[in-house]
Every structure is written in structure tokens, then in C-alpha cells.
Amino acid sequence: MRKLLIMVALLAFIISVQAQTVRDEIRANIRCSASNYLAYPHPVQHKLTPAPYGKLPFYISHYGRHGSRYPNQPDTYDIPYHIMASADSLGKLTPLGIEVLHRLSILRKDAQGRWGELTELGASQHQHIMRRMVERFPEVFEGRATIDARSTTVTRCVLSMENALMELVKQRPDVKIHHNATQRDMYYLNQQDSHLFSMKMDSVTKARYDEFAQKHEDNDRLMKELFNDAEYVLQHVDAKKLNYYLFKVAGNIQNTDMRKNITLYDLFTDGEAYNNWEKENALWYVYYGACTLNGGLQPYSQRNLLRRIIEQADSCIRLAKPGVQLRYGHETVLLPLVCLLDVNGYGLSTDNLETLDRRGWTNYKMIPMGANLQLIFYRKNPEDNDVLVKVMLNENEAKLPLKSIEEVYYHWSDFREYYLKKLDAYEGM
């Protein structure tokens, strides 16, 4: 009966999540349209599936994206600001356009000198993620548990790690922590593959993406709202560029303190927000997913990380009390890793960009600010060789393309065999 209830509850959870379309979700919460700029949402799953056969969590392997940040480049604010300011100097803005220019001025000033920096919200996200990790898997953190934390050398990632560790020490003051951010770890924490990079947007792929994006351009209404001279817009305003940057700024406001009193989302209808998201979602798929337009191999850009995760897990599970391994980096690593693992079907391979949303390939569900992948390992005791693993994507239980136990648990032996064969096959090409 317990197994039946678990299966029914999990099935109901999955159906409820899948029943909502992206259009519905954006209509209900327009911030989702920000793609990778979505501020980290709380996990939607509150009750986890009990572990089978009396097994207990004993080791966690993790990779997390940094928390909420400011945009990396001044252009994000400068480009729309200067377009609007130039038009204003010639009297070409509507009253709404003048108001938007004023908002851009405030936002631009707030971001000055903070490009790419972790925000207070970003710090808080990692504190809360760690707190929930301890609450959900207390056995892993008991006593003088060993914590090995590594970060890329980028400051926002280092600070994300430090905020998580500060929270951990508050919760479990006896843990032993080793933490570092060194160039020596970058080969797997942020692997750069020049060969795969060169394949991302070849001429054929670019033509197909540009054709797709053009179908979803929808700027006329917004331009009429902002400018009082249609001929001026036609001659002097790159409407596509202005729309892109205004929408990007609108999406990132949620990650800063400016979210408390400024918005730009009022400029966009639900349909326009969806169109902007759809173009960005497809671009992420082309760049980092298994898109067959460019060969379907981009997820292998993070093969070093996956192999490292497997090798370290093999070593750690030999220990009586292995503890936790934390890794902090970027969405450009996490997304292809999720696709390489084919978590929740995100390893989707297709050349049809129009069907991504209907087939469940949704960037904001993979890589919001603070996104994380947790592998939770279970056994009865240190002598138990039948180790199980559960995958959590953004703190929600996730599926793998393997035979499962109790829906979300997998034999570690099956996991390592499947993915090592996958990696070996690629490297043998």
C-alpha cells in the first residue's frame, strides 16, 4: 500500500507539472520568461520519496550555479539607454518612452561598477539551498562530516560557495571544511572545448535559427508605445535590438534590490514575453543542448565534469563517512551537464526548434539563478555494496534514462556503467 501511495503521489506531481504549458506559466509568472535570469524559485516538491529497503543518505555530490547577479556587461543597460536618450533629445519619445528612459537611468546607475557581481539575493539563495540540504539529508552532515567545496575562480561563484558554507557552519558547527578556488580545477568545473564551440553556430545552424527567430519577432506594438514618430523608428531605431535589451533588463531586475520598486515587464504583453522567451530558449538549446542541427554533441562539452563526478563518487563510497562534495560554477556548465545526463528528458535530440516547449525543453527549469544538481547516495551501512543514487534538479526529484527503484532511485552500478559507456563512446569517435 505504501508503494502504491508513493507512486500515485509522484505521478500526480509529474502530471501537475507537465499539465501547465510554458505559455500558462509565463502568464501566471512573467518572470519565468527571463530564462537564465529567473531568480531561483523555491523547490516545488516539499515531500521527498522515502528511500527503499531502509537505506539512508550518506554522501552528496553537487554542482551549483552562482546565485542572482548583475548583468556581465555594461551594454545590457547602455544600449537601450542610449537609443532612448538619443530619441528623447529629438523629442521622439512618447510620455511612456520618457518614463522608460527614466527607469533605465536609475537601473543603469544602480548597476554601475557591479557587472557580474553576486547580489544580496544571490547570497541568500545559496544560504537557503544549503539549509534545506542539511534539513533533508541530516545523516550526511552528522558529527565531524567532511565537506570538500570547490569553485571556479569567478568571484560570484566563490561568494556563492562561501555563503553556502557560512550557512552550513551555522547549522552544523562540527563539520570539517576544505574549500578552494583554483585554476587547477577549471578543466572540469568550467571546461572549455574549442572544437565543440566552433560547431555551435555553423552557417546551416545559424540560418535555421535566424529563420525561427524571425518568425517570433514582435516589436511593432512596443515601438508605437515608446516612440511618437514611426518614420524615425524606421530610419534610426533597431527595433529588434531595442526589444531584446529592454526585455533582458526587465528579466534581470528580479535579481537586484531594484525589484522592490521598478519593473519593465509592464511594457510587454504575455504573448510578447512568450515570444522573447521562445527565441532565447531555442538559442540555449542550439548552444548547449543535443540539437541535431549542429551535430547534437554540445552536451559533451562537460564530459570532464561528469567523469570527475563518477570517479570521485567511486572513491568516496569506499569510505565509512564520505560527507559532501560541493562544486560551484556557471549555467553554461550546468545546462549541458543536465543534457548529457538526460535528466527529465533534457537530453532531447531534434532539429525542430518550434517544438521545444511542447516537448518539455525549458531553460528556466534547468538554469535559474542558483540552479543546482544534487546526487544523493544511499546505503544501509558501510558494508552495503548495493549503493543507490537519487538525482535532484533544483531540489526536486528528477528522472534518468535508467531502470529505477521506487521511481527516483537508481543503482549506482547502473549509473556509472551507463554514463561511462556514453563518455567512452564519444571519446572514441
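Filtering the range 145-164 to residues that are touching a strand residue (DSSP E or B) at 6+ places or on another chain (Cβ under 6 Å), surrounded by fewer than 19 Cβ atoms within 10 Å (Cβ to Cβ) and not β-branched (Val, Ile, Thr) leaves only Asp148. Of the residues making up the range 231-255, those that are closer than 18 Å to Leu121 by Cβ and out of contact with any strand residue (DSSP E or B) (no Cβ under 9 Å at 6 or more places or on another chain) are Lys248, Val249, Ala250, Gly251, Ile253, Gln254. Summed over the range 328-376, the residues that are buried (at least 24 other Cβ atoms within 10 Å of the Cβ) and without any contact (Cβ under 8 Å) to a residue 24 or more places away in the chain give a count of 0. Against the criterion of being over 19 Å from Thr21 (Cα atoms) and either of a type in the set (A, V, I, L, M) or out of contact with any helix residue (DSSP H, G or I) (no Cβ under 9 Å at 6 or more places or on another chain) (or both), Leu340 qualifies. Within the range 302-319, residues that are touching a residue at least 24 places away in the same chain (Cβ under 8 Å) reach partners that are among the basic types (Lys, Arg) and part of a helix (DSSP H, G or I) with beta carbons closer than 6 Å, at six or more positions or on different chains, in the pairs Ile310/Arg416.
Candidates in the range 94-125 are the residues that are of a type in the set (Val, Ile, Thr) and outside any helix (DSSP H, G or I); of these, the one that is nearest to Ser68 (Cα to Cα) is Thr119. Taking the range 391-414 as the search range and keeping residues that are touching a residue at least 60 places away in the same chain (Cβ under 8 Å) and within 26 Å of the chain's Cα centre (by Cα), which one is most open to solvent (accessible area, probe 1.4 Å)? Here the answer is Glu407.
Against the criterion of being within 23 Å of Glu225 (Cβ to Cβ), among the polar types (S, T, N, Q) and in contact (Cβ under 8 Å) with a residue 12 or more places away in the chain, Thr49 does not qualify. Within the range 192-235, being of a type in the set (S, T, N, Q), assigned to a helix (DSSP H, G or I) and either closer than 21 Å to Tyr274 by Cα or within 26 Å of the chain's Cα centre (by Cα) (or both) holds for Ser194, Ser198, Thr205, Gln214. Within the range 74-95, being touching a residue at least 40 places away in the same chain (Cβ under 8 Å), within 17 Å of Lys224 (Cα to Cα) and aliphatic (A, V, I, L, M) holds for Ile83, Met84, Ala87, Leu90, Leu93.
Residue by residue, here is whether (1) assigned to a helix (DSSP H, G or I); (2) modelled with pLDDT under 95; (3) of a type in the set (Asp, Glu) holds:
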{"position": "Leu10", "(1), (2), (3)": "yes, yes, no"}
{"position": "Ser33", "(1), (2), (3)": "yes, no, no"}
{"position": "Thr49", "(1), (2), (3)": "no, no, no"}
{"position": "Ile60", "(1), (2), (3)": "no, no, no"}
{"position": "Tyr81", "(1), (2), (3)": "yes, no, no"}
{"position": "Met84", "(1), (2), (3)": "yes, no, no"}
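Within this structure, Glu407 passes the test of being in a loop (DSSP other than H, G, I, E, B) and charged (D, E, K, R).
Of the residues examined, Leu226 is one that is open to solvent by less than 30 Å² (accessible area, probe 1.4 Å), out of contact with any Cys (no Cβ under 8 Å at 6 or more places or on another chain) and either in contact (Cβ under 8 Å) with a residue 60 or more places away in the chain or closer than 29 Å to Thr119 by Cβ (or both).
Please work out which residue is surrounded by the most Cβ atoms within 10 Å (Cβ to Cβ), limiting yourself to the range 46-62 and to residues that are among the small types (Gly, Ala, Ser) and within 22 Å of Ile129 (Cβ to Cβ). So the residue we want is Ser61.
The values are calculated or read from the model by the stated rules, or taken from the named source; none is laboratory data. Note that the structure is a prediction, hence the values are computed from the model and not measured. Positions of Cβ are backbone-derived with ideal geometry, glycine not excepted, and every protein chain shown enters the neighbour counts. Surface areas here come from the heavy atoms of the whole protein model, side chains and all, with no ligands, DNA or RNA. Shrake-Rupley method; radii C 1.70, N 1.55, O 1.52, S 1.80 Å.
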